[in-house]
Amino acid sequence: MGRLRTRAASPVPNVSTPIFLKSAAAPADFPADEGREVAFVGRSNSGKSTALNLIAGVRRLARVSRMPGRTQLINFFEVGAQRRLVDLPGYGFARVADETRDRWRELCEAYLTRRRSLAGVIVTLDIRRGLTDLDAELQRWLELRGIRIGFLLTKTDKLGHAASLNREREIAAQLGPRRDLLRFSALSRLGVPEARRWIDAWLSADPVVNAAEDRVP
Ligand SMILES: Nc1nc2c(ncn2[C@@H]2O[C@H](COP(=O)(O)OP(=O)(O)O)[C@@H](O)[C@H]2O)c(=O)[nH]1
Ligand SMILES: [Mg+2]
């Protein structure tokens, strides 16, 4: 895929307009593990790619898929010098074969355990569905490895205001104390500025605070 020649100002303060860097089907294809990056992960159809596009300020940067569970690639986007946003394949799609599920686990675990430039993970949760078993497993897994997480409660526009606040309280209780979470909507753009601030801070701070050496598989 061709690179854009110029970069326009981006809505994320320390981040230039993103350009697609590469897709990786295996760790050997990951770009050089330098600088800092923030990964987006979540159930298929939870609004992960939509959130990435909106936060990055670019339409259709990460393909918004109508075929959940099909993409088993990690997509890297460059948003500045050695700064990247990363779209991980979604999980929890019921109709994928065990083989695909194993491949997901292998690829994503390889990424999440070995990636020294990983500064934090955005986890998307459909606010109506809340925290499923798979999401809770991912949360525990990331927290065990000291990886910073920001939860986006997506599709908040599908609920009324009071209902969305109630769901937020319920999900916050499930996540446990002192978790970062935001109600988020691609339609109303609720939560977009706050999510950008998280990511900007994670990409700006130096050095990476996660104990990457503790994350050796
Ligand atoms: N109403 C509404 N729909 C959304 C929102 N975010 C995503 N969607 C829709 O949910 C579907 C799945 O979104 P997508 O970003 O592809 O999910 P992914 O599989 O997690 O990457 C698409 O039809 C999106 O248009 C949102 O905040 N509000
Ligand atoms: Mg997607």
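Report the extension gain between Ala136 and Glu170 in nm, rounded to one decimal, defined as 0.36 nm multiplied by the number of residues separating them, less their alpha carbon distance. Could the numbers behind the result be given before it?
Values: separation 34, 0.36 × 34 = 12.24 nm, distance 1.39 nm.
Net length gain for the segment: 10.8 nm.
Residue by residue, the stretch 78-87 carries 3J(HN,Hα) couplings of 8, 10, x, 5, 6, 10, 9, 10, 10, 9 Hz when phi is fed to the Karplus relation 6.51 cos²θ - 1.76 cosθ + 1.60 (θ = phi - 60°); x denotes Gly or Pro. Partner lysines whose Cα lies under 21 Å from the Cα of Lys22, excluding those fewer than 8 positions away in the same chain, are identified as Lys48. Modelled this way, with points 7 Å down the Cα-to-C-beta line, the labels at Gln82 and Arg179 are 3.3 nm from one another. For the stretch 32-39, 3J(HN,Hα) computed residue by residue from phi via the Karplus equation (6.51, -1.76, 1.60; θ = phi - 60°) reads 3, 8, 10, x, 9, 8, 10, 9 Hz, glycine and proline entered as x.
Ordered by the number of other Cβ atoms lying within 10 Å of each residue's own Cβ, fewest first, Asp157, Asp29 fall into the sequence Asp29, Asp157.
The label point for Glu109 and the one for His161, both projected 7 Å from the Cα toward the Cβ, are 4.6 nm apart.
Seen from Gly191, the other residues with C-beta closer than 13 Å to its C-beta sum to a net charge of +1, counting Lys and Arg as +1 and Asp and Glu as -1.
Once the Cβ-Cβ distance of Ala32 and Arg101 is raised to the sixth power relative to R0 = 30 Å, the FRET efficiency obtained is 0.55.
Any read-out appearing in this document is the output of simple, stated calculations on the displayed coordinates, not a laboratory observation. Everything quoted here is computed from the prediction, not taken from an experiment. In this analysis, Cβ positions are derived from the backbone assuming ideal geometry, glycine residues included, and neighbour counts consider all displayed protein chains.
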